[in-house]
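Report on the following structure.
The values are calculated or read from the model by the stated rules, or taken from the named source; none is laboratory data. Values in this document were obtained by computation on a predicted structure and should not be read as measured data. Virtual Cβ from ideal backbone geometry, glycine too; neighbours counted across all protein chains shown.
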Amino acid sequence: MESIKYKRVILKLSGEALAGEKDFGLDQKTIESIAGKVKELVIMGVQVAIVIGGGNFWRGRSGIGMDRTTADNMGMLATVINALALQDALERIDVPTRVQTAIEMRQIAEPYIRRRAIRHLEKGRVVIFASGIGNPYFSTDTTAALRAAEIEAEIILLAKKVDGVYDSDPVENKNAKKYDYLSYIDVINQGLGVMDSTAASLCMDNKIPIIVFNLCDPDNIIRVVKGETIGTIVKED
């Protein structure tokens with residue numbers, strides 16, 4: 001077994017990450033690439049749980065004029081589509097996977113049950129958490145923080161399209177400064193956009209570190225778990 005720094009992790013993927021270069025929907029090559037790296041983690045002995053967003057299909061704020069609760073419910077359903085797509089890609093390469101949803105839909109996925117999720121992880125199965133926490137007004141970042149606390153994950157791997165956290169948008173500002181390390185309070189007070197304040201506060205309260213890294217190179221997932229210094233780490237002072 002290869003040397004690993006983290007035994008149990010939450011991998012947070014945005015819906016946009018599954019769209020690849022597209023602006024909408026799913027890119028099969030991208031999904032298969034991510035699935036391949038997750039399989040490598042499982043072979044290395046890492047217990048992997050995944051939280052997926054739904055922004056490649058729907059974002060709550062897209063429902064202009066729509067009731068917020070309705071819009072958020074639609075977003076939660078979008079995460080289920082993504083979870084099933086990733087489950088399919090994983091199982092086609094012989095990685096046993098379970099999708100658990102916070103909103104019951106027993107015909108297509110298990111309901112979220114903490115002890116069952118932990119048992120799946122202990123047996124080497126990948127667990128994908130879908131439909132957020134099952135309530136409107138909460139993001140999938142908050143889902144990642146909550147599930148990480150519940151299953152006692154050692155770290156949240158926050159996969160982005162940038163290589164870390166900057167003090168301003170690196171696309172618009174060529175002089176933007178990249179942070180190697182941030183405290184939870186830095187993230188909250190400076191509004192750096194790593195994750196929403198609810199999620200950051202939950203991570204702070206439960207001392208769950210977060211590593212923000214670039215998913216454009218899928219090998220970064222492996223590097224992070226091995227303990228290589230990449231991206232930006234958010235943790236206690």
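Those residues that are in a loop (DSSP other than H, G, I, E, B), farther than 13 Å from LYS160 by Cα and in contact with a strand residue (DSSP E or B) (Cβ under 7 Å, 6 or more places away or on another chain), I need them from the stretch 184-235; list them, please. Working first, answer last.
Taking the stretch 184-235 first, the residues in a loop (DSSP other than H, G, I, E, B) are 191-196, 207-209, 215-218, 227-231.
If we keep only those that are farther than 13 Å from LYS160 by Cα too, we end up with 191-192, 196, 207-209, 227-229.
Across the stretch 184-235, the qualifying residues are LEU192, ILE208, PRO209.
Any idea how many residues of the stretch 15-61 are β-branched (Val, Ile, Thr) and more than 25 Å from GLU152 (Cα to Cα)?
Counting residues in the stretch 15-61 that are β-branched (Val, Ile, Thr) and more than 25 Å from GLU152 (Cα to Cα) gives 2.
Please work out if GLY164 is touching a strand residue (DSSP E or B) at 6+ places or on another chain (Cβ under 8 Å), surrounded by 19 or more Cβ atoms within 10 Å (Cβ to Cβ), farther than 16 Å from VAL9 by Cβ and not hydrophobic (A, V, I, L, M, F, W, C). Break it down into steps so the answer makes sense when it comes.
Working: touching a strand residue (DSSP E or B) at 6+ places or on another chain (Cβ under 8 Å): yes; surrounded by 19 or more Cβ atoms within 10 Å (Cβ to Cβ): yes; farther than 16 Å from VAL9 by Cβ: yes; not hydrophobic (A, V, I, L, M, F, W, C): yes.
The answer is yes for GLY164.
Give GLY164, GLY75 a once-over and let me know the one that is touching a residue at least 12 places away in the same chain (Cβ under 8 Å), in contact with a Phe, Trp or Tyr (Cβ under 6 Å, 6 or more places away or on another chain) and within 25 Å of CYS216 (Cα to Cα).
Exactly one of GLY164, GLY75 is touching a residue at least 12 places away in the same chain (Cβ under 8 Å), in contact with a Phe, Trp or Tyr (Cβ under 6 Å, 6 or more places away or on another chain) and within 25 Å of CYS216 (Cα to Cα), namely GLY75.
Of the residues in the stretch 198-229, how many are farther than 19 Å from VAL46 by Cα and out of contact with any Gly (no Cβ under 8 Å at 6 or more places or on another chain)?
Going through the stretch 198-229, the residues farther than 19 Å from VAL46 by Cα turn out to be 198-207, 214, 216-217.
Remaining after also requiring out of contact with any Gly (no Cβ under 8 Å at 6 or more places or on another chain): 198-207, 216-217.
Result for the stretch 198-229: 12.
Can you tell me which condition LEU26 does not meet? The list is (1) in contact with a helix residue (DSSP H, G or I) (Cβ under 6 Å, 6 or more places away or on another chain); (2) at pLDDT 95 or above; (3) closer than 27 Å to GLU228 by Cα, and all the others hold.
(3)
Quick grid of which residues meet (1) more than 18 Å from ILE188 (Cβ to Cβ); (2) out of contact with any Ser or Thr (no Cβ under 8 Å at 6 or more places or on another chain); (3) part of a strand (DSSP E or B):
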{"site": "GLU150", "(1), (2), (3)": "yes, yes, no"}
{"site": "ILE156", "(1), (2), (3)": "no, yes, yes"}
{"site": "ALA159", "(1), (2), (3)": "yes, no, yes"}
{"site": "ASP163", "(1), (2), (3)": "yes, yes, no"}
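For the stretch 28-141, give me every one of the strands (runs of 3 or more DSSP E) that falls completely inside it and has 2 or more residues that are crowded, with 18+ Cβ neighbours inside 10 Å and over 14 Å from the mean Cα position of the chain (by Cα). I'd like the intermediate steps shown before the answer.
Values: elements: 47-52, 97-101, 126-130.
Here the list reads 97-101.
For a quick check of your reading of the model, give me the residue pairs whose first member lies in the stretch 26-38 and is more than 12 Å from ASP219 (Cβ to Cβ), whose second is hydrophobic (A, V, I, L, M, F, W, C) and modelled with pLDDT under 95, with beta-carbon atoms closer than 7 Å and at least 6 apart or on different chains.
Every condition considered, the pairs that remain are LEU26/LEU18; LEU26/ALA19; ASP27/LEU18; ASP27/ALA19; THR30/LEU18; ILE31/LEU18.
What number of residues within the stretch 94-119 are within 17 Å of ALA153 (Cα to Cα), in contact (Cβ under 8 Å) with a residue 24 or more places away in the chain and not basic (Lys, Arg)?
3
Is it the case that LEU146 is within 24 Å of THR30 (Cβ to Cβ), of a type outside the set (Val, Ile, Thr), touching a residue at least 12 places away in the same chain (Cβ under 8 Å) and surrounded by 13 or more Cβ atoms within 10 Å (Cβ to Cβ)? Quick ask: steps written out before the conclusion?
Working: within 24 Å of THR30 (Cβ to Cβ): no; of a type outside the set (Val, Ile, Thr): yes; touching a residue at least 12 places away in the same chain (Cβ under 8 Å): yes; surrounded by 13 or more Cβ atoms within 10 Å (Cβ to Cβ): yes.
So LEU146 does not fit the description; no.
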